[in-house]
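Undergrad: Here you go, one structure.
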Ligand code: AR6
């Protein structure tokens, strides 16, 4: 049995220790999944984000991750990470890998047993879904994360199919 599961649905409903937010570097909310998470979590989440001291206006550089309590969500934590903007990033693959790695490492260092990811960078940041799925899953399949239950909450059937096909072929290769 794999510790990775793919679910079609809204990540704000995930009953896990930490949900991951595809944020922007300012980390005070936005559109897409970021907007949905802030709406569902309520103003407490924004207040927690504001507590993180910005450096030149930036709370979370691309590829890094920050953790806050989760306000009204079921989860204990929100892990905010900033994925790369596909067309303008100098190394989008390295930065997308870093977003997943840093989020998973923060989950482990905060004693989380379960974590839910959206498809980081696959919305307005424009990362091609097939490439993003391979990067996301190859990081999540590393041995050090086998102790975590990892869920991908994907919004459309097309994304679910892309992630499921990638997971299947990578499990055969293992
Ligand atoms: N649950 C799960 N997935 C969702 C949800 C949801 N509730 N809502 C959207 N998605 P995006 P990015 C999917 O654009 O590309 C924000 O404004 C969506 O269909 O949210 O990393 C931030 O503030 C897509 O597949 O994130 C940043 O400025 C995926 O989540 C910027 O967008 C990611 O789409 C980050 O862009």
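Undergrad: Six or more apart or on different chains, Cβ atoms under 9 Å: show the pairs whose first residue is in the range 17-31 and at positive phi and whose second is more than 9 Å from the ligand (Cβ to nearest atom) and part of a loop (DSSP other than H, G, I, E, B).
TA: Pairs found: 27/52; 27/54; 27/59; 27/60.
Undergrad: Kindly indicate which of 84, 61 is surrounded by 15 or more Cβ atoms within 10 Å (Cβ to Cβ) and assigned to a loop (DSSP other than H, G, I, E, B).
TA: 84
Undergrad: If you scan the range 69-81, which residues turn out to be touching a helix residue (DSSP H, G or I) at 6+ places or on another chain (Cβ under 7 Å) and surrounded by fewer than 22 Cβ atoms within 10 Å (Cβ to Cβ)?
TA: 69, 71, 72
Undergrad: Something else about it: Any residue at all in the range 7-15 that's in contact with a helix residue (DSSP H, G or I) (Cβ under 6 Å, 6 or more places away or on another chain), assigned to a loop (DSSP other than H, G, I, E, B) and at pLDDT 95 or above?
TA: For the range 7-15, residues in contact with a helix residue (DSSP H, G or I) (Cβ under 6 Å, 6 or more places away or on another chain), assigned to a loop (DSSP other than H, G, I, E, B) and at pLDDT 95 or above: absent.
Undergrad: Of the residues 120, 79, only one is within 11 Å of the chain's Cα centre (by Cα), within 12 Å of the ligand (Cβ to nearest atom) and under 17 Å from residue 27 (Cα atoms); which?
TA: 120
Undergrad: Restrict the check to the range 119-134 and report whether at least one residue is buried (at least 17 other Cβ atoms within 10 Å of the Cβ), at negative phi and assigned to a strand (DSSP E or B).
TA: The answer is no, given that none of the residues of the range 119-134 is buried (at least 17 other Cβ atoms within 10 Å of the Cβ), at negative phi and assigned to a strand (DSSP E or B).
Undergrad: Here are some conditions: (1) more than 14 Å from the ligand (Cβ to nearest atom); (2) not in a loop (DSSP other than H, G, I, E, B). Residue 72 meets all but one. Which one does it not meet?
TA: (2)
The values are calculated or read from the model by the stated rules, or taken from the named source; none is laboratory data. Only a predicted model underlies this, so the values are computations on that prediction, with no experimental measurement involved. Positions of Cβ are generated from backbone atoms using ideal geometry, with glycine treated the same way; all protein chains shown enter the neighbour counts.
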